[in-house]
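This report concerns only the one structure given below.
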């Protein structure tokens, strides 16, 4: 699914209603924002992995993981990405 949005003069981006509805986003939802390969990635911080269960269908391998295992993997990936961005920022400011 792809939709267009426009950045306001105040630097604000409105998430289209169809996206908010699909991800069950509500007013006050906090996001972790990062840049990955030149793209903006916004990850909602108050959506639990269990709420996204089944969104992508059954994995090709057929392997099913516990929600706690998936949540830990997501936390690790976010931390790793954050540390990478900080390292890049540090090397660019040198």
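Computed from the coordinates by the stated procedures, all read-outs in this text should not be read as laboratory data. Predicted, not measured: the structure shown is a model, and the values here were computed from it. Neighbour counts are summed over all protein chains in view; Cβ atoms, including those assigned to glycine, are modelled from backbone coordinates with ideal geometry.
Percent relative contact order of the chain, based on C-alpha pairs within less than 8 angstrom and at least six residues apart?
17 percent
When the helix-only estimate is applied to the chain (DSSP H runs of n ≥ 4, each -39,500 (n - 2.57), divided by the residue count), what is the mean residue ellipticity at 222 nm, nearest 500 deg cm²/dmol?
-11500 deg cm²/dmol
What nm distance separates the two modelled labels at residue 17 and residue 43, each placed 7 Å from Cα along Cα→Cβ?
3.0 nm
Which value results when the Cα radius of gyration for the chain is divided by 2.2 N^0.38 Å?
In units of the globular-protein estimate, the chain measures up at 1.29.
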